[in-house]
């Protein structure tokens, strides 16, 4: 991990939070695959569109390890602070999850801030999850075996969608939360301890969140901060994968505890010595490949594939 950080520092690229959102997106995409595992070939990779509540057609990409009908399906929500990230930046990760778990993955290109502020991304995620539950069979999926997951901001969206699914009576097999943002403010000890020099820095977090939420009331809306959800009893079982050296690690642990206290089954893995974004560094960091395998195992168990 230290070697990766040193290489990043030597590259000398301007930090994302010093760029315009458009430039930050280009820079993030340009570097997205540099440390990834090789791109897995799959039996099916197809682009599609999913309708949002306002009629907007949300781009999505389907990954499947076989052409068999009736595969269980994970809806995946990429990270990027609600501001950057797209189908391409998380293509390899979604391929790995589909390959290792033996399930279909549908990756969603939800709308980004600052062009689309809170709660647009949240609404897009929930609209797409409902659509998959209703229409998944048309894709060859088994909508009765449905999960939701994501990393970082995508983990926030997945956690909130799992709560709405519980409220709507939509059964989910699993919520797969990879270092999710869960708290309204950056005030836990890990935000201070890991504020600088470890991939996700405090100025970047402030920039990302400032693009997405505009007021204290929005920050303290549970859809942005699932730790503030009044009740999580009965939500889907969770697999939570956290990085030890990450500003978000404390709130991830707190959310896992909140779920457990409500009687929700939780499998929590904390990967030692790694930072935010590590799961996309499988070529350089063995813990990333371990996290891929652990997440896939959680999906297989939830989908009763083993």
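Every number in this text was worked out from the coordinates using simple rules, so none of it is lab data. Here the structure is a predicted model, which is why all the values come from computation and not from measurement. Don't worry about glycine lacking a Cβ; one is built from the backbone with ideal geometry, like all the others, and counts go over all protein chains shown.
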Simple SL model, points at 7 angstrom along Cα→Cβ for residue 13 and residue 43; separation in nm is 3.6 nm
Expected sort for 46, 36, 244, 96 with the fewest Cβ neighbours (10 Å cutoff) up front is 46, 244, 36, 96
A correct fewest-to-most ranking of 258, 39 by other Cβ atoms within 10 Å would be 39, 258
Here, residue 228 and residue 54, labelled 7 Å along Cα→Cβ, have an inter-label distance in nm of 2.2 nm
So, with points 7 Å from each Cα along the Cβ direction, the residue 67-residue 262 label distance in nm works out to 4.2 nm
A correct fewest-to-most ranking of 190, 161, 206 by other Cβ atoms within 10 Å would be 206, 190, 161
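For the chain, what class follows from the C-alpha gyration tensor (a ≥ b ≥ c being the square roots of its eigenvalues): rounded when a/c is under 1.5, otherwise prolate if a/b is larger than b/c, else oblate?
Rounded shape, in that the Cα axes give a/c under 1.5.
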With 0.36 nm assigned to each residue of separation and the Cα-Cα distance removed, residue 217 to residue 196 gains 4.8 nm
Here FRET efficiency (C-beta to C-beta, residue 144 to residue 301, R₀ 22 Å, nearest 0.05) is 0.85
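Per the helix-only calculation at 222 nm, which mean residue ellipticity applies to the chain, given -39500 (n - 2.57) for every DSSP H run of n ≥ 4 and division by its residues, nearest 500 deg cm²/dmol?
Only helices count here, giving -11500 deg cm²/dmol.
How high is the relative contact order of the stretch 2-302, in percent, counting Cα pairs under 8 Å that sit 6 or more residues apart?
In percent, rounded to a whole number, it is 18.
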Full extension between residue 5 and residue 34 adds, at 0.36 nm per residue less the Cα distance, a length in nm of 9.1 nm
Length gained, residue 135-residue 187, 0.36 nm per residue minus C-alpha separation, equals 14.6 nm
